[in-house]
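Heads up, the thing below is written out as structure tokens.
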Amino acid sequence: MNKKNWHKKLINALWVDKVSIKKSIGMSHFQLVYKVDTIFPSSLVIPIMKILEEMNNETNDMQRRINQMIHLQQTREEVYQNNSKLQGRIKKIYDSKTKEDNFNLGDVVLRWHVRNEEKGKHAKFENLWKGPYKILAFGGKNAFLLEELNGEYYLGGVINGMILKHYHT
């Protein structure tokens, strides 16, 4: 492939993307849209015979539409289940990487200033640990509400425990 004929290969690449099975939904986009598996040109005879048999078995258009609706609902449920499984696996991987630190109410902590951590957004020797803050409440698993030491409520909302560390005086 070179700069002159890339557009000829693009059609094949897009077709492969449409018919390849996606991990998140457990089927290809083609299957999701058209409710059938991809048919390759060498095997067209058998699927056409199946379609003709199905048309003879169904008595009328209403029955065919009802069957399509049932099949569509089953496909949606399958996609939902596959997506839920994938989200569960992603959550399990993410939770295994989270730093479990034993923070208690009233602990004094420092907060990592995430917005300024990229190169060029802070001075060379600027400290990116902000605070100290006091843990006011728990906001979920490894999430906390903070307040400043003078008693003012910290307006940053719920803070992830991954960007906190104990402050030792």
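What do you reckon, is Ser43 modelled with pLDDT of 75 or more, out of contact with any His (no Cβ under 7 Å at 6 or more places or on another chain) and among the hydroxyl-bearing types (Ser, Thr, Tyr)? It would help to see each step written out before you state the result.
Numbers: modelled with pLDDT of 75 or more: no; out of contact with any His (no Cβ under 7 Å at 6 or more places or on another chain): yes; among the hydroxyl-bearing types (Ser, Thr, Tyr): yes.
When the stated conditions are applied, Ser43 does not pass them.
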Can you pull out the residues in the range 131-160 that are surrounded by 15 or more Cβ atoms within 10 Å (Cβ to Cβ), modelled with pLDDT under 85 and either within 15 Å of Asn104 (Cα to Cα) or within 22 Å of the chain's Cα centre (by Cα) (or both)?
Gly139, Asn142
Take Gly140 and tell me if it is in contact (Cβ under 8 Å) with a residue 24 or more places away in the chain and under 21 Å from Tyr94 (Cα atoms).
no
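So that you can scan it fast, the table gives a plain yes or no per residue for (1) charged (D, E, K, R); (2) surrounded by 13 or more Cβ atoms within 10 Å (Cβ to Cβ); (3) modelled with pLDDT of 85 or more:
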site	(1), (2), (3)
Tyr80	no, no, yes
Leu86	no, yes, yes
Lys92	yes, no, yes
Asp101	yes, yes, no
Trp129	no, yes, yes
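Just to be sure, is Arg76 modelled with pLDDT of 70 or more, basic (Lys, Arg), more than 30 Å from Ile90 (Cα to Cα) and part of a helix (DSSP H, G or I)?
Details: modelled with pLDDT of 70 or more: yes; basic (Lys, Arg): yes; more than 30 Å from Ile90 (Cα to Cα): no; part of a helix (DSSP H, G or I): yes.
It is false that Arg76 is modelled with pLDDT of 70 or more, basic (Lys, Arg), more than 30 Å from Ile90 (Cα to Cα) and part of a helix (DSSP H, G or I).
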Output the qualifying pairs, or none if there are none: Cβ atoms under 9 angstrom, residues six or more apart or on different chains, first residue in the range 103-123 and free of Cβ contacts under 8 Å to residues at least 24 places away in the same chain, second residue among the hydrophobic types (A, V, I, L, M, F, W, C) and not in a loop (DSSP other than H, G, I, E, B).
His113/Trp129; His113/Ile163
Considering only the range 103-127, state which residues are surrounded by fewer than 11 Cβ atoms within 10 Å (Cβ to Cβ) and among the basic types (Lys, Arg).
Arg115, Lys119, Lys124
Out of (1) closer than 23 Å to Tyr167 by Cβ; (2) under 28 Å from the mean Cα position of the chain (by Cα); (3) of a type outside the set (Lys, Arg), the one Tyr94 does not meet is (1)
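The values are calculated or read from the model by the stated rules, or taken from the named source; none is laboratory data. Just so it is clear, the structure is predicted and the values come from calculations on it, not from any experiment. As a convention, Cβ positions derive from the backbone with ideal geometry for all residues, glycine included, and neighbour counts pool all protein chains shown.
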